[in-house]
Amino acid sequence: MPAALIPSSARVLPLAVRGQGARIHTADGRDYIDGSSGPLAANLGHGHPAMLDALHRQSHELVFAHRGQFRNAPAERLAVEVAARLGPGFGRSSFVCGGSEAVELAMKLAHMTWAAEGRPGKHRFVSGGVSYHGNTLGAMNLSGQPRYSSAFRPLVRGEQTITVPQTFRLGVPDGSTAAREAIARLRAEFAALDVEHTAAVVLEGVGGSSSGVVVPPPGFFEELRALCDEHDVLWICDEVMSGFGRTGRWFAFQHSTAVPDIVCFAKGVAGGYAPLGGVTVSDRVWERISTAFPSVAAGHTFTNFPLNCAVGLAALAVIEEEDLLRRVTERGERLGRQLGVIAERAGIIGDVRGTGYMWGLEFTLPGTTEPFDPALDVTARAVAAAAEHGLLVYPARLCAGDGLGDALIVAPPLNSTDDELDDLLSRLDDSLRSIRASLDI
């Protein structure tokens, strides 16, 4: 086949021809266990009949109706359903085509909130020091990992950062806990921010590819909520990777009692069957915006696209009908234990962290918490070794900060069968053995 596409990877990639369940089949006859749901997007696997039926039915009714000319039922219904799953206090949504767009829209809405109150000087943002929020320019400004914007550095100015709630390697004095120390660090770093000019803090519900799955410790989001309220700053929760059942709750922030002002999401909202993302604002934020901006002209051509929204509705129905939140919670605990056993056997994994079907395995020198030399590029070796064994995992390079850290993410489809999960674990075990042998340690 002639090379006409701009390459998206330096590796020579196989040609995918068919997907079924948690497996992808390629033109050369191989099958791969989709151990990362692509980029944590194919939450409902491949070839799900209810999802294919939703695509078929909506494509025969209404595919496109521009948001400036018509309302459409799938978008309006999806807005109601998403708000219901976010919980009380949320009521207004807009749907876009992916996570980067969603984050950009959330940033615009935060700015509009303060502009509506005559405070346009509150235009700065805060994000995690190792974070990723998207590949458009505004979202790249929020992404604390410099590797994401290195090729576009003249276009990206960067924003204020705080330390993400990592507890691995965190020094814990006698009598304290990792959670207390992470919260104390948050307070100290918040005190150093330019809060007078800050519109919002943007953090992931659970850290994704930038941090290798960092789960906020108990009390962290509650403290963040209190600090944002105290300093008159909005909290935007990025649930692009962690939302829609990935952690066993509809949204990862729901493992806490704290509630964000704005939630952005994508990937799993359509189960991997359509390019769909969105933003939902709290009622109190919308009340502030709507005093000056009764409508928001910050959308794009395919904002509230009927076909995508119909697929989103189908995804929510499948998650509920197949009781996937309960399955992910129960099987996720088992998955975490099994990953721990495999990691211990490999001898080069220093930390296994996660929740539900979202797990990070961080590589360290045997018997230590020390990262590998970045020149070894252990993350790339891990992804390649897994692929050789017919397993797809997601990279999380430089997850430790300061240009260090290697990790991979295991995040299978929420509806993976027990046999598929067992196959995933077997292939991962073989892959880690291969990686260790290649490192000659």
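The values are calculated or read from the model by the stated rules, or taken from the named source; none is laboratory data. Quantities reported herein were computed from a predicted structural model and do not represent experimental measurements. Here the Cβ positions follow ideal geometry from the backbone for every residue, glycine too, while neighbour counts run over all protein chains shown.
In the range 159-176, the qualifying residues are those that are over 20 Å from the mean Cα position of the chain (by Cα) and without any contact (Cβ under 8 Å) to a residue 40 or more places away in the chain, and the one that is farthest from Thr369 (Cα to Cα) is Gln160. Where strands (runs of 3 or more DSSP E) fall wholly inside the range 1-114, the ranges with 3 or more residues that are outside the structural domain of Pro275 (by TED's automatic domain parsing) and touching a Leu at 6+ places or on another chain (Cβ under 7 Å) are 31-34. The residue of the range 178-206 that is surrounded by the most Cβ atoms within 10 Å (Cβ to Cβ), among those that are farther than 26 Å from Val281 by Cβ and of a type in the set (Gly, Ala, Ser), is Ala182. One residue stands out among those in the range 411-441 that are outside any helix (DSSP H, G or I) and closer than 30 Å to Leu316 by Cβ: the one that is farthest from the chain's Cα centre (by Cα), which is Thr417. Residues that are surrounded by fewer than 24 Cβ atoms within 10 Å (Cβ to Cβ), in contact (Cβ under 8 Å) with a residue 60 or more places away in the chain and among the charged types (D, E, K, R) within the range 262-300 comprise Asp283, Arg284, Arg288, listed in sequence order. Cβ separations smaller than 6 Å between residues 6+ apart or across chains give the following pairs from the range 328-351 residues that are at positive phi to residues that are part of a loop (DSSP other than H, G, I, E, B) and surrounded by fewer than 18 Cβ atoms within 10 Å (Cβ to Cβ): Gly347/Pro366. For the subset of the range 9-23 comprising residues that are farther than 12 Å from Ala387 by Cα and touching an Asp or Glu at 6+ places or on another chain (Cβ under 7 Å), which member is surrounded by the most Cβ atoms within 10 Å (Cβ to Cβ)? Here the answer is Ala22. Within the range 184-229, being more than 22 Å from the chain's Cα centre (by Cα) and either farther than 18 Å from Ile262 by Cβ or in a loop (DSSP other than H, G, I, E, B) (or both) holds for Ala184, Arg185, Arg187, Ala188, Glu189, Phe190, Ala191, Ala192, Leu193, Asp194, Glu196, His197.
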